[in-house]
Amino acid sequence: RWSAVAAAAGAGANPLDAGMLEYLRLVYAYVENAVISCGAPDTFDVYEAAFEALAKMGFFFLTAEPKQLLLQTLENVNEVYDVLLSCVETYEWVQPGTTGLLRLWMLQVLFACFGQAQISGRDLMVLTDNDVSGAVSLIAFLVRCDSAPFEMQDAAGRCLVELTAADSVFLNRTGDEATNTEQIAILTAMLNKHVNGLIKGLIQFEIVEAFGRCICQHQQSHLRTDIIVRHFLTTIHNCLLYCSEHQKKLRQHLATQSTIVQDIMIPYIHNILPALFDNPCCGPANIEFQNLKSVLQTFVVVTFNINIFRPHIRDADLLVQVCRVPNIMNHISMVELLIKLAINVDFASGPYADSITAALQSAFSAMPPDSQARLQRRLTSEQGMRLPYARSAVKSVQALAFATTPEAEDPGAAAERKTARKNNWKNAKHKGKKRKRMFGMQAKAKNANRAPEDADESEEGNGEEDDSGDDDMPPLIPAENWEQHLGQTDESYVPSMAKCQLTGALMHDPVKTPDGYLFERAALEDWLLQNQTNPLTGAPLVIADCIEATDVAAFIQGYQMQMFAASHIAPEAFEEPPCPEVAPPEAAAPTPMPAPAPMPSSGSGTLLGDLPTLTPAAEAPKKKDKGKIRIESRSVVDCPPDMRCSIDGKVMINPVRSPYGHFFEKKTLDKWILNCGSVCPVTQQPLRGEDCLADPEMKKRIIKFLKGQP
């Protein structure tokens, strides 16, 4: 029957008559029966073969009727689909490789039905019953899997960026419905939960390592590398700017992945520089220019938070080369990024200090007076809403004092700018231009593709050059009613107590000194490495004397989340959404995606409907095959805190205990010691890898938990 159907379809574009459609329905019914009759969720080889067949048939047909039949088949097996997606990651944790390419083929079926351009981060959230960690798990698998077509990896990276922007938490607003405090509070809680789960997922499923492998896989294609690098940079950039209870874990996790900077990111910049040098008219319209700005933004955030990345940039000629890119010094935002990155890496202590100082001084001197003033404000009075830079590199700050020291101005000017900024935000909100924008980096790709008249409209009333008016962290609606908790707001609507008293930037991991001063942890740690004193009073201070400012962090989280949530208010967002209806495919089928080459066989709501959990699996007779592990649907991310590594919060596979009583994942601890030295990540006391002993009892506890055993 399949041979007859394939012959009638030709290359897949020929329409099928009623007889051939009936043959195809029977073929799909056969595969459907194989999926349902397996009964046990760990029969992965059978499931893999079945979904592989469905995916390949789905991509073969280019007309609407066969895709409707495939969609109906998916709806018929949705219970099995849901159970498999919910438990596959746990099986992989206990026995790596046991599920083969099952997830790839399962997702390929969806891509065959809807097309890669139509799958969004919101769809993955629905597919995993709004479990952001589950969505990150699927994305990490696709990005890491070298058998996945590039189109799927691109879509996975795009979906991850959407998840970091938190658009997937909210339903689209369709009108001008009124907002109220209760609605904002509900969305704030939703977004806070989403952010915490997102960062845990990024760490647990090693998204940095996955992107590193993907970039290496496609290194022969500049176009593909540009796309993957943009997704990676935007993800890290956005996540480091959230005020989250897992912020420190994320920073420590990134510190163990430092090779990605010198092995991938710096070589990537050197690869795109020739294209920029060869284009004397390069600017924001060029993808290389856009990606260069994305790299600089990410480097500013990363070097501020993690000092082990700094020498790789400071001791290379990278900044000197970037300063020579045509037209780069004509854009205030690019000059700002170069200044912040130079300070963060303490360029004054490096071999290229004179060249960098001369280039930045020349660029500043060439600016009109009003542009000079805007740049100075971006580095001083408006710093609360922009990317942070370190103040511990005193010599570097002094070398660039021409930009970091503002001129005296009329006090009324700041009040006028504050009023104008609020009006601009409101206008942008009413026009729907910035509703889904979170950080400045998020909008680059979208704005690059807009029509010129739209771009002009979005800048109407701005009065500044194309990129100088962008805010790195713009409140879409100025957050209100925080004065009693965080003090009065400045001209950029950031409360005074939400800003680090050293850097002036919005804090993401605040700590409090014994005498009550508040600092960003990364900034204070960096300062204390060189000074051992309170930056404001000069009194002796060590980091061990400081405590987490959990109350202030909670207020900052609420403030930050309110800014994002307020612009997504929609009454329907607070009601339980109905089961999504899957529309039949359009007559014009999506462009076929190449399926991966066949390989030997070695995740919970759904996009197909919110249906009950599959129960026959529990009634199926147990096989005596010791190679198979039967696990209930407990997720890896549900493990309690004591089963997680003290460095980055990942669930441990090979736990070791330090002499100080802390548990670490052995591989992660080895990386920490290699990159950060022989010091305990928790106590800052001396610690060697050989001092930490394996703990088999902890490993047994973790496995029993994941197996669902008491």
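The values are calculated or read from the model by the stated rules, or taken from the named source; none is laboratory data. As the structure is a prediction and not an experimental result, all values here were calculated from the model. Note: ideal-geometry Cβ built from the backbone for every residue, glycine included; neighbour counts use all protein chains shown. The protein model used for the area step is the full one, side chains on, heavy atoms only, and it has no ligands, DNA or RNA in it. Shrake-Rupley method; radii C 1.70, N 1.55, O 1.52, S 1.80 Å.
As an exercise: evaluate Pro267 against (1) in contact with a helix residue (DSSP H, G or I) (Cβ under 9 Å, 6 or more places away or on another chain); (2) of a type outside the set (A, V, I, L, M, F, W, C); (3) over 27 Å from Val552 (Cα atoms) and give the number of the one condition it does not meet. Going through the list (1) in contact with a helix residue (DSSP H, G or I) (Cβ under 9 Å, 6 or more places away or on another chain); (2) of a type outside the set (A, V, I, L, M, F, W, C); (3) over 27 Å from Val552 (Cα atoms), Pro267 breaks only (1).
Hey, can you tell me all the residues within region 647-688 that are in a helix (DSSP H, G or I) and open to solvent by 30 Å² or more (accessible area, probe 1.4 Å)?
The first filter runs over region 647-688 and keeps only residues in a helix (DSSP H, G or I), leaving 666-676.
Residues satisfying the conditions are Lys666, Lys667, Asp670, Lys671, Ile673, Leu674, Asn675, Cys676.
If the condition is being open to solvent by 30 Å² or more (accessible area, probe 1.4 Å) and of a type in the set (Asp, Glu), then region 511-542 contributes Asp515, Glu525. Quick one: is Leu84 in contact with a Pro (Cβ under 8 Å, 6 or more places away or on another chain) and open to solvent by less than 40 Å² (accessible area, probe 1.4 Å)? Judged against the criteria, Leu84 is a match. Just to verify a result, which residue in region 200-229, among those that are of a type in the set (Asp, Glu) and in a helix (DSSP H, G or I), is nearest to Leu138 (Cα to Cα)? Residue satisfying both the conditions and the ranking: Glu209. Taking region 387-419 as the range and being charged (D, E, K, R) and either at pLDDT 85 or above or under 26 Å from Tyr352 (Cα atoms) (or both) as the test, the residues that pass are Arg391, Lys395.
One residue stands out among those in region 341-378 that are acidic (Asp, Glu) and surrounded by fewer than 19 Cβ atoms within 10 Å (Cβ to Cβ): the one that is nearest to Val394 (Cα to Cα), which is Asp354.
Taking the criterion of being under 16 Å from Ala522 (Cβ atoms) and of a type in the set (Phe, Trp, Tyr), the residues of region 288-315 that qualify are Phe299, Phe304, Phe309.
Residues checked against (1) within 30 Å of Lys248 (Cβ to Cβ); (2) assigned to a helix (DSSP H, G or I); (3) among the hydroxyl-bearing types (Ser, Thr, Tyr):
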residue	(1), (2), (3)
Ser333	yes, yes, yes
Leu338	yes, yes, no
Ala342	yes, yes, no
Pro351	no, no, no
Gln361	no, yes, no
Phe364	no, yes, no
Asp370	no, yes, no
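Residues of region 12-30 that are surrounded by fewer than 18 Cβ atoms within 10 Å (Cβ to Cβ) and under 39 Å from the mean Cα position of the chain (by Cα): Gly12, Ala13. Exactly one residue among Arg251, Arg310 is crowded, with 23+ Cβ neighbours inside 10 Å, assigned to a helix (DSSP H, G or I) and of a type in the set (D, E, K, R), and that residue is Arg310.
Helices (runs of 4 or more DSSP H) wholly in region 47-152 with at least 2 residues that are of a type outside the set (Lys, Arg) and in contact with a Ser or Thr (Cβ under 7 Å, 6 or more places away or on another chain) - which ones? Before the answer, list the steps.
On the way: elements: 64-76, 78-94, 102-114, 121-127, 132-144.
Answer list for region 47-152: 78-94, 121-127, 132-144.
Given the criteria out of contact with any Lys or Arg (no Cβ under 6 Å at 6 or more places or on another chain), in a loop (DSSP other than H, G, I, E, B), at pLDDT 90 or above and surrounded by fewer than 15 Cβ atoms within 10 Å (Cβ to Cβ), does Pro326 qualify? Taking the combined requirement at face value, the residue does not satisfy it. Counting only residues that are farther than 13 Å from Val295 by Cα and open to solvent by 70 Å² or more (accessible area, probe 1.4 Å), region 266-282 holds 4 of them. Gly384 falls short on exactly one of the conditions (1) at pLDDT below 65; (2) out of contact with any Pro (no Cβ under 9 Å at 6 or more places or on another chain); (3) part of a helix (DSSP H, G or I), and that condition is (2). Of all residues in region 59-79, none are modelled with pLDDT under 85, under 34 Å from the mean Cα position of the chain (by Cα), under 30 Å from Pro655 (Cα atoms) and open to solvent by less than 40 Å² (accessible area, probe 1.4 Å).
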